[in-house]
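Presented below is the structure to which this report refers.
The values are calculated or read from the model by the stated rules, or taken from the named source; none is laboratory data. In this text, all values refer to a predicted model and were calculated from it rather than measured experimentally. No Cβ is skipped: glycine too gets one built from the backbone with ideal geometry, and neighbour counts run over all protein chains shown. SASA here: full protein model, heavy atoms, side chains in, ligands and nucleic acids out. Shrake-Rupley method; radii C 1.70, N 1.55, O 1.52, S 1.80 Å.
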Amino acid sequence: MLQLQNIIFTVPASDSGKEPPAGQTIINDVSFTFEPGGFYAITGPNGSGKTTIAKLIMGINEPTSGRIMFNGNDITSLPINERSNAGIVYGFQHPARFKGTTFRDLLSISLGSDDEEKLVNIISRVGVCSMDFLDKPVDSKLSGGEIKKIELATVIARNPKVAIYDEPDTGIDLWTIGPMVDLLKREQKENNTTTIVVSHNKTFLEAADTLLLIKKGKIAYTGDLAGAMPMLEDLSVCTFDELCQGEDDAQCYR
Amino acid sequence: MLNAIDKKVLKEVADLEGIPKGAYNIRKNGKLEGREVSANINIETNEKGDGIVIDIKPGTVNESVHIPVILSQAGLHDVVYNTFIIGEGSDVTIVAGCGIHCGSNESEGHSGIHEFYIKAGAKITYVEKHIAIGEGSGKRILNPTTKVFMEENAQAQMELTQLGGVDEAKRANEATIGAGSVLLITERVMTEKEQSAESKNEITLAGTDSKTNIVSRSVIKGSSSQDFYVNLTAKARCYGHIECDAIIMDNGINQTIPALRALHPDAELTHEASIGKIANDQLMKLMSLGLDYDQAVNRIIQGFLR
Ligand SMILES: Nc1ncnc2c1ncn2[C@@H]1O[C@H](COP(=O)(O)OP(=O)(O)OP(=O)(O)O)[C@@H](O)[C@H]1O
Ligand SMILES: [Mg+2]
C-alpha cells in the first residue's frame, strides 16, 4: 500500500530563477492511497502537476510537507535508489539520453544481471522492443518512440511492486499502444504490480480501475472513467474558459 | 625476456596475454625486445636506427600488427620514430600503445612519433592505448605524435585512449585526407589528481568528397586539467564534424577549442562541444534503477569513455 498524506510541494529556492518565484505551490495538499495490485490512471491538463506527483513518489522531488508511506514504512526522506530497492520504479516522461551507455547497460542494471539469457527473456516479455535494440546507445539519436519503449522495458525488468509510467504512449505508433496496455495489464495481474499510468490517452484511461484527475496541483476527481467524463469533456472543450465568449463568436481564442 | 610487470603492461596496453600472433615488434626501455614479421607485413629498423618501418603489402587483408612499448627504467625518456606504409587495398589492424611502469621517484617518458602513409583504397584500424602504473612517485610523461597522409578512397579509424596514470601528456595529431577518403578519430582521456593532458589536432580535408569525424571524450577528475584543440580545414567539397564532450568532476579544468576553416565554397563543417558536470537526469535514471550515487557516476563515466 502506497499512501500520500497531505503532500505539498512548493518550488524550492535552489530550482527557481525569477519565474516561477520560489515558494510557488505546485502540489497543493494531495492525499491518496494506492492499493496493492491496483491499476490507476492519472490524467489532467498540461502543467497540472502529474509528473511532479510521480517524482515525489520516486523521491526525485522532496515534499515541502506531508508524508509518504509504503507498506507501513515512512519513506518520505528515503533516497531514490533505496525506494527503487524497496520496489518503486518510475518510467520518466522525458527519459535521460546518455552518451555511450547502451540499452544492454540499462537493462542489466535494472535486472541486476548481465546474463544474456535473462536479457533476452525480458525483451521478449516486454515485446515492444526489438532484440537489435540491445546494443544501441541510449543517446540523442534514438527516436522519441524508441526511447519510450526502452524506458518502459527498464521499469518492467526491475519487477517493481509499484510501477509508475509517465506518458508511456508518447511517440508510440498506433500499432503498439494496444499491446502496451495488454503488457501493463499482464504485469499487473501476474505480479500483482501496483500500476500507475500518467496519460492523456483514452486507451490507458479505460484500462484503469481508478482514475485520478489532477487540476492545478489538486486531485479534482477520483473514481471510474464514466464518472470523470463530464469533467474531462469540460476540460477538453477549451482551456481559455475565463476569456471565452462561445465558439461561434468571433472572439474565440482557440 | 618479459617479466611479470612487462606482461601486466602488455595486457593493459594491447590486450595481450603474452607474445601476440602475427607480426609484432615489442620495444622495452628503448631497445628491441622481440619482433616477428609475416609474409605480408615487414618490420625493419629504420636507417637512422631510431625507430621502425612497418611495410604492409598491397592487398593484405585481415591481418594485424602489434607494436607495444614498455617503459620501466627510471629516468629514461625514450623517443621513437615509426613509419607505417599501408599498401593499396589492404585492410589491417594496428595495435600500438605504451605502458609505463614507474617504480622510483625519477620521471619516465615516451614520445612516439608515428607517420602513416595510407595508400589508395586501404583501410586501417589503429588502436592506441596509454597507461601508467607502479608505486614510484616519478612523473610519467607521454607525448605521442601522429601524422596521417591518406591517398584516395582510403579509410582510417583511430582510437586513442589514455585512462589514468599519466601525469603529463601532450598529443599532436595531424592528418591530410585525400579524395573520397574517410578519417574517424576517437580520443578518450581520463585525468585525475594533478595530471594534465593536451591534445592538438590539425586536420585537413584536402580532396573532393573527403570526410572526417573527430570525437573527443574527456573526463576530468581531481585537480587535473585537459585542453583540446582542433583546427579543421577544408580545401575541397567535403564533410567534417567535430564532437567534443567533457565531463568535469571535482575541481577539474577544461578548455575545448574547436575551429572550422572552409577554404572551399562546398565545404560542410560542423562542430558540437559541451563541458559540464554529469547530467542530473542520467543520475536520476540510474538511481531509480537501484544504483547509489557513486555507482551511478561510475556507470555513466564507463559508458561515456567506451
Ligand atoms: N522544480 C520546479 N521548479 C519550478 N517549477 C516547477 C518545478 N517542477 C514543476 N514545476 C512546474 O509545476 C507545474 C507542473 O509540472 P508537471 O511537470 O508536474 O506537469 P504535468 O501535469 O506533468 O504536465 P504535462 O502534462 O505537460 O506533462 C508546471 O507549471 C511546471 O513548470
Ligand atoms: Mg508530465
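For the stretch A:1-112, what does the alpha-carbon gyration tensor say about shape, rounded, prolate or oblate, given a ≥ b ≥ c as the root eigenvalues, a/c under 1.5 as rounded, and a/b over b/c as prolate? Oblate, since a/c reaches 1.5 and b/c is not below a/b. When the helices of chain B are scored as -39500 (n - 2.57) per DSSP H run of n ≥ 4 and the total is divided over every residue, the value at 222 nm lands at -3000 deg cm²/dmol.
Over the stretch B:1-158, what is the percentage of antiparallel beta bridges among all DSSP beta bridges, to the nearest 5? Around 15 percent of the beta bridges assigned by DSSP in the stretch B:1-158 are antiparallel ones. If you run the Gaussian network model on chain B, springs between alpha carbon atoms under 10 Å, then out of B:ALA206, B:ALA279, B:ALA262 the most flexible one is B:ALA279. Taking the centroid of alpha carbons for each part, the stretch A:141-179 and the stretch B:264-306 are 22 Å apart. For the stretch A:111-172, the square roots of the Cα gyration tensor eigenvalues, ordered a ≥ b ≥ c, give a/c of at least 1.5 with a/b no greater than b/c, which places it in the oblate category.
For the protein assembly as shown, the antiparallel share of DSSP beta bridges with both residues in that region comes to about 15%. Less than 5 angstrom separates the built amide H of A:ILE75 from those of A:ILE68, A:MET69, A:PHE70, all sequence-distant by 5 or more or on a different chain. On a straight-distance basis, which lysines could pair with A:LYS189 in a cross-link, Cα separation under 20 angstrom, same-chain partners fewer than 8 positions away excluded? Within the straight-line cut-off, A:LYS189 pairs with A:LYS161. Within the listed set B:LEU286, B:LEU163, B:LEU183, the Gaussian network model of chain B (springs between alpha-carbon atoms below 10 Å) gives the highest mean-square fluctuation for B:LEU286. Computed from backbone phi, the HN-Hα couplings of the stretch B:124-130 come to 10, 10, 10, 10, 10, 10, 10 Hz, rounded to whole numbers (Karplus: 6.51 cos²θ - 1.76 cosθ + 1.60, θ = phi - 60°; Gly and Pro given as x). The lysines whose alpha-carbon is closer than 17 Å to the alpha-carbon of B:LYS139, local same-chain residues fewer than 8 away aside, are B:LYS170, B:LYS193. How many percent of the accessible area of the protein assembly as shown is carbon or sulfur, using a 1.4 Å probe? The value for the protein assembly as shown is 48 percent carbon and sulfur by accessible area. Each Lys and Arg Cβ is given +1 and each Asp and Glu Cβ -1; about its Cα centre, chain B then shows a dipole of about 160 debye. With a Förster radius of 35 Å applied to the C-beta separation of A:SER113 and B:ASN251, the computed FRET efficiency comes to 0.45. Modelled label positions at B:THR186 and A:ASP29, each set 7 Å beyond Cα in the direction of Cβ, lie 5.6 nm from each other. Rounded to the nearest 10 degrees, what's the angle between the helix A:116-126 long axis and the longest principal axis of chain A, both from Cα atoms, 0 to 90? Long axis of A:116-126 versus the principal axis of chain A: about 30 degrees.
The mean number of partner chain beta-carbon atoms within 10 angstrom of a residue's beta-carbon across peptide A:104-117 is 2.
A Gaussian network model of chain B, with springs between Cα atoms under 10 Å, assigns the largest mean-square fluctuation among B:ARG217, B:ARG261, B:ARG171 to B:ARG261.
The residues of the stretch A:100-247 have, on average, 47 Å² of accessible surface per residue, using a 1.4 Å probe with all protein chains present. Specify whether the C-alpha gyration tensor of the stretch B:240-289 places it in the rounded, prolate or oblate class, a ≥ b ≥ c being the square roots of the eigenvalues: rounded for a/c under 1.5, otherwise prolate if a/b is larger than b/c and oblate if not. Because a/c hits 1.5 or more and a/b fails to exceed b/c, the stretch B:240-289 counts as oblate.
Cross-linked pairs A:LYS136/B:LYS11; A:LYS141/B:LYS200; A:LYS148/B:LYS285; A:LYS136/A:LYS185; B:LYS119/B:LYS147: Cα-Cα separations exceed 24 Å for A:LYS136/B:LYS11; A:LYS141/B:LYS200; A:LYS136/A:LYS185. Charged side chains reduced to their Cβ positions (Lys and Arg at +1, Asp and Glu at -1) give the stretch B:212-277 a dipole of some 100 debye around its Cα centre.
Placing +1 on each Lys and Arg Cβ and -1 on each Asp and Glu Cβ, with no other charges, gives chain A a dipole about its Cα centre of roughly 540 debye.
In Å², what does the accessible area per residue of chain B work out to with a 1.4 Å probe?
43 Å²
When A and B come together, around 1900 square angstrom of accessible surface is lost from both chains combined, probe 1.4 Å.
Most simply put, the stretch B:110-178 has about 0% antiparallel DSSP beta bridges, counting only bridges with both residues inside it.
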